[in-house]
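Undergrad: Structure provided below as structure tokens; questions to follow.
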Amino acid sequence: MQAEALAEPVAPTPISVRDEDGHINAEFLAAIEEAIELGDGAICRDLARNLHEADTGDLLEALNEDERASFVRLLGKDFDYAALTETDEAVRLQLLKDLSNEAIAEGLGELDSDDAVYILEDLDEEDQAAILEELPYLERTQLKKALDYPEESAGRRMQTEFIAVAPFWTVGQTIDYMREAQDLPDSFYQIYVVDPSFKLLGTVHLDKILRTRRAEKVTSIMEETRYAVDATEDQEEVARTFERYNLVSAAVIDDNDRLVGTLTFDDIVDVIQEEAEEDFMALAGVGDEEISDNVVTIARSRLTWLVVNLGTAVLASVVIALFEDTIEAMVALAVLMPIVASMGGNAGTQTMTVAVRGIATQELSARNMWRILNREVLVSFFNGIALAVLIGVTAWLWFSSGGLGIVIGSAIIINMLFAGLSGLLIPIALDKFNIDPAIASSVFVTTVTDVVGFFAFLGIAALWFGLPL
């Protein structure tokens, strides 16, 4: 009994945030939901205040719409608004709508400027203005300036917190400044040297600062800024610059070459992911929808391209109607003609995907276009021959007609050649007219392969067998 009395209470086993599959742990989510239902801020803070912003973002998405705002209010000052950069746009906008402008402004004031801009930029101008009015003048001015830059530009993604020193400063002065200043960025990799008008003169890497004597001037170890980014430059172009030159960070300058911000690789990783997702979704014609979007939003997003596809399908049907008598004379044609269109469509999609990627990465240009075109024609021709033999023999054995095998084999070869040509030339043509090839290519390529496939197959069959047109 005495031993039992002296025994210390056993602390409860902490609940893991994520399960083995990487999703939010159901037990953890249930504990958070119970705390929200009880209105117990202490439990919420105990469970969630030390979460990484990415975990908090996923937790917000896992909660019901009615629970999110309550969760944020219960956490109070312990809620990290950086978590909103990790959520879908629909979740973020819904949550911001349910919170007061004062609370949002207070939370944004704790963030780096790039994260604050990311959260604000999707709001209506009226809501942006209301939240910005709650911020101190200096922070409000910086965020307004960033929001004035074009969407998806370097100015929208840059961080306005950076370290800039005068060219006459010594290494020792720079180190002392970094030790004493209170408003430095959380992490940085370069120090920028600017003149009195804030025109960028050069950069100094931190490793050189640490390895240089205090009395040396920063200009003696300064490097010329070779890859400064214009604030109005598209974020996708900036991402290519980071990838091409293996940059960790880059200065952002305005039209007068004055330093206005900095971009770091973590910002660019997000950009690369966003652009890749955007192109992937566009190829399927589903726009920028997210997993949290509602039925109306998703239906509206997909309907446009479904209507376009309906128009192209009607065009293919018109071609089939031209050979109505031919199909009536030989029913086997109706059985086999979808194969021709399907194979051409798949081949065209393969070439189109390579072409769209080449355009996006700037690997496909006028310099190598003819070489790539020649390659795709040869690939289509050889694949067409291989498929023609396979389907030709199949048709011969299926319908006991060698002539039918020759007809469908010939149509396959023709359609494969057109698939290769259209899969490459259509994205290039759309890009020349400043139309995003990732969005529009698939509709046109499919139309070409369907029309050519049906016309070639039914036309050759009519000529070969002497059927009525």
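Undergrad: Find how much the distance from residue 332 to residue 300 grows on full extension, using 0.36 nm per residue of separation minus their present alpha carbon separation; answer in nm with one decimal. Please list the in-between numbers first.
TA: Numbers: separation 32, 0.36 × 32 = 11.52 nm, distance 3.98 nm.
Extra length from residue 332 to residue 300 when fully extended: 7.5 nm.
Undergrad: Note down the relative contact order for segment 157-243 as a percent, whole number, built from C-alpha pairs under 8 angstrom at least six residues apart.
TA: The normalised contact order for segment 157-243 reaches 31 percent.
Undergrad: Also, I was wondering about something else. Quick one: which residues, 5+ away or cross-chain, put their amide H under 5 Å from the amide H of residue 25? H built at 1.01 Å from N.
TA: Under 5 Å from the amide H of residue 25: 18, 19.
Undergrad: Counting DSSP beta bridges in segment 164-283, what percent are antiparallel, to the nearest 5?
TA: Roughly 75 percent of the DSSP beta bridges within segment 164-283 come out antiparallel.
Undergrad: Sticking with this one: Taking other Cβ within 10 Å of each residue's Cβ, how do 252, 307, 354 sort, fewest first?
TA: 307, 354, 252
Undergrad: Okay, next question. Which ³J(HN,Hα) values in Hz, rounded to whole numbers, follow from the phi angles of segment 195-204 under the Karplus curve 6.51 cos²θ - 1.76 cosθ + 1.60, where θ = phi - 60° and Gly and Pro get x?
TA: 8, x, 8, 6, 6, 6, 9, x, 10, 10
Undergrad: Moving to a separate point now. How would you rank 398, 305, going from fewest to most other Cβ atoms within 10 Å of each one's own Cβ? Let's see the in-between values first.
TA: Values: 398 14, 305 18.
So the ranking, lowest neighbour count to highest, is 398, 305.
Undergrad: Non-local amide H neighbours of residue 257 (under 5 Å, H modeled in plane, Pro and chain starts lacking H): which ones?
TA: Under 5 Å from the amide H of residue 257 lies no amide H from a residue far enough along the sequence or on another chain.
Undergrad: List the GluC sites (Glu not before Pro) within segment 27-112 that DSSP assigns to loop and that have no more than 16 neighbouring Cβ atoms inside 10 Å. Mind showing how you got there, number by number?
TA: Values: sites: 27, 33, 34, 37, 53, 61, 65, 67, 86, 89, 102, 106, 110; in loops: 110.
For GluC sites (Glu not before Pro) across segment 27-112 that sit outside H, G, I, E and B with at most 16 neighbouring Cβ atoms in 10 Å, the list reads 110.
Undergrad: Another question about this same structure. Grab the other residues whose beta carbon is less than 12 angstrom from that of residue 369, score K and R as +1, D and E as -1, and report the net.
TA: My count for the surroundings of residue 369 gives +1.
Undergrad: Would you mind checking the radius of gyration and Dmax of segment 279-429 based on alpha-carbon positions, in Å?
TA: 18.8, 55
Undergrad: Give me the percent of DSSP beta bridges within the chain that run antiparallel, rounded to the nearest 5.
TA: Bridges in the chain are about 80 percent antiparallel.
Undergrad: Okay, moving on. Evaluated at 37 °C with a viscosity of 0.692 mPa s, what Stokes-Einstein diffusion coefficient in µm²/s does the chain have when Rh comes from the Kirkwood expression over alpha-carbon pairs?
TA: The Stokes-Einstein estimate is 120 µm²/s.
Undergrad: Counting alpha carbon pairs within less than 8 Å and at least 6 residues apart, what relative contact order, in whole percent, applies to the chain?
TA: 10
Undergrad: Can you list the chymotrypsin sites (Phe, Trp or Tyr not before Pro) in segment 400-444 that are in a DSSP coil and have 10 or fewer other beta carbons within 10 angstrom?
TA: Counting only loop positions with at most 10 other Cβ atoms within 10 Å, the chymotrypsin sites (Phe, Trp or Tyr not before Pro) in segment 400-444 are 433.
Undergrad: Here is a follow-up. Enumerate the amide H contacts of residue 169 below 5 Å, restricted to partners 5 or more residues apart or on another chain; note that Pro and chain-start residues carry no placed amide H.
TA: 218
Undergrad: Report the relative contact order of segment 22-152, percent, no decimals, based on alpha-carbon pairs under 8 angstrom and at least 6 residues apart.
TA: Dividing the mean separation by the residue count of segment 22-152 yields 20 percent.
Undergrad: Most exposed first by the Cβ proxy, i.e. fewest other Cβ within 10 Å, how do 23, 205 rank?
TA: By the 10 Å Cβ count, ascending: 23, 205.
Undergrad: Within 10 Å of each candidate Cβ there may be at most 12 other Cβ atoms; applying that plus a DSSP loop requirement, which trypsin sites (Lys or Arg not before Pro) in segment 301-393 survive?
TA: In loop regions of segment 301-393 (DSSP not H, G, I, E or B), the sparsely surrounded trypsin sites (Lys or Arg not before Pro) are 367.
Just so you know, all these numbers are worked out from the coordinates, no wet-lab data involved. Bear in mind that the values here come from a model prediction, so they are computed numbers and not experimental data. Every residue, glycine among them, receives a Cβ derived from its backbone with ideal geometry; neighbour counts consider all protein chains shown.
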